[in-house]
Structure formats: C-alpha cells, structure tokens
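The structure under discussion appears below in the form of structure tokens.
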Amino acid sequence: MRQIKKSIYTQGGISNKVNSMKGLSLPINMIVIIAIAVLVLIVVAAFFASQTGAGFDTVAVNNAFNEGCGLLRSVNYNCDPLTTGSIITSYKRPGSTATQGEDLLTVCGLKDKNLQGNANKCAQACGCNIQP
C-alpha cells in the first residue's frame, strides 16, 4: 500500500498559519488607524479652540468700542476727547477681577495699537470730527 505524503500547503500546514495571522493583523491595523485618527482630531480641536478664544475677545473689544463710541458721540459727552478716559465700557479683560469695565481710551488701545493713549485719535476712530 502506498502512503500519501501530507503536503505542508494543505490542512494543518503553512496555509492555516498564514490565514490565522490575517485575522490578527486586521485588529492591529485598525487600532493604529484609530489612534492616528484620534490624534489628528485632538490636534485639530486644539487649533480651533485656541483660535476661537482670541476671536471671542476681539468681538468683546469691538462691542465695547462701539458702546463707548456711542456714549462719546452722545449729547452728554459731545465728542470731547478728554472724556475718553472717563467713559466706562462693559469690557473686562479675561481673568480680571475688576468690578467695572475698562474705559474707552483703554479699549481704543486694545482695538488698535495706534490709538493707544491718544484721546484725539480715539475720538476720531469713533467718528468724531476732531483735529489732531
């Protein structure tokens, strides 16, 4: 009787070992892809979070500037540049524990560095007809 040799490429041979490795490699690949995706999402979220914080502060400064300019142009202040230091706006610097907001002259400087400390330029930026 002739004996049949068992091929290593059939049942229980190399082919089954290779197939068993395919099942293991799929979850490892998925874990790596998921980890990279989570890392990318964290980086993107951090980027947008840092940009939005600055944007909210800019909006608050612009709102306070418009509020202060409205008061400066009102009948009470009549576009007098000397009053820009006494007009209190609703803007408070982030982290500030002050009970009242910043004055218009300070807000002008926060809005535009060229207006910092210059009451005449601040009044002009508010739309008042002031000569420099």
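The values are calculated or read from the model by the stated rules, or taken from the named source; none is laboratory data. Bear in mind that the values here come from a model prediction, so they are computed numbers and not experimental data. Using ideal geometry, Cβ is built from the backbone for each residue, glycine included, and neighbour counts are taken over all protein chains shown.
A few notes on this one:
- Hits in region 81-107 (condition: surrounded by 15 or more Cβ atoms within 10 Å (Cβ to Cβ) and over 23 Å from the mean Cα position of the chain (by Cα)): Pro81, Thr83, Thr84, Ile87, Ile88, Thr89, Gly101, Glu102, Asp103, Leu104, Leu105, Thr106
- One residue alone among Cys79, Cys122 is outside any helix (DSSP H, G or I) and either touching a residue at least 12 places away in the same chain (Cβ under 8 Å) or in contact with a His (Cβ under 8 Å, 6 or more places away or on another chain) (or both), and that residue is Cys79.
- Looking only at residues of region 122-132 that are modelled with pLDDT of 90 or more and out of contact with any Ser or Thr (no Cβ under 7 Å at 6 or more places or on another chain), we find that the one that is surrounded by the fewest Cβ atoms within 10 Å (Cβ to Cβ) is Gly127.
- Figure legend. Inter-residue proximity from region 106-117: first residues within 18 Å of Ile88 (Cβ to Cβ) and in contact (Cβ under 8 Å) with a residue 40 or more places away in the chain, second residues crowded, with 22+ Cβ neighbours inside 10 Å and not polar (S, T, N, Q), beta-carbon distance below 6 Å, spacing 6+ or different chains. Indicated pairs: Val107/Ala64; Val107/Phe65; Val107/Gly68; Val107/Tyr91; Cys108/Leu115; Cys108/Cys122; Lys111/Phe65.
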